[in-house]
Amino acid sequence: MYTRIEQAADQVEIVKAMEASVGVLKSLNKEVGGVENVENVVERLQDEMGKVDEVGKVLEEPLVPGAAG
């Protein structure tokens, strides 16, 4: 019988932890701004990384004698 009481008490603690986790996750998801916002941020980040790659490619090109610049 003591084992059942201990088991029930553990279950209560588990449910409390789960309830607290719901609140934390809800708050964090609100900060993230939802899936659409995350997709937007990822797209903008990819665009900017692409620009860095383009600049790097230009800088890797050999200099042509007599070219302006």
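The values are calculated or read from the model by the stated rules, or taken from the named source; none is laboratory data. Computed from a predicted structure; not experimentally measured. Here Cβ is always computed from backbone atoms with ideal geometry, including for glycine, and neighbour counts include all displayed protein chains. Each accessible area value is taken on the protein alone, full model and side chains, heavy atoms only, with ligands, DNA and RNA left out. Shrake-Rupley method; radii C 1.70, N 1.55, O 1.52, S 1.80 Å.
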* Quick one: dipole size for region 16-56, taken about the Cα centre, charges +1 on Lys/Arg Cβ and -1 on Asp/Glu Cβ, in debye to the nearest 20. => 400 debye
* Would you list the P(r) distribution for the chain, with all Cα-Cα distances sorted into 10 Å bins from 0 and each bin expressed as a whole %? => 16, 18, 16, 15, 13, 10, 7, 4, 2, 0
* **Helix-only [θ]222 nm of the chain, DSSP H runs n ≥ 4, -39500 (n - 2.57) each, per residue, nearest 500** => -30500 deg cm²/dmol
* Structure fact -> About its Cα centre, the chain carries a charge dipole, from +1 on Lys and Arg Cβ atoms and -1 on Asp and Glu Cβ atoms, whose size in debye to the nearest 20 is 320 debye
* To do: Using the charge dipole of the chain (Lys, Arg: +1 at Cβ; Asp, Glu: -1 at Cβ; taken about the Cα centre), state which of M18, V64, N29 has its Cα farthest towards the positive end.
  => M18
* Asked: Can you pull the percent of region 1-64's accessible area that's carbon plus sulfur, 1.4 Å probe, other chains left in place?
  -> 61 percent
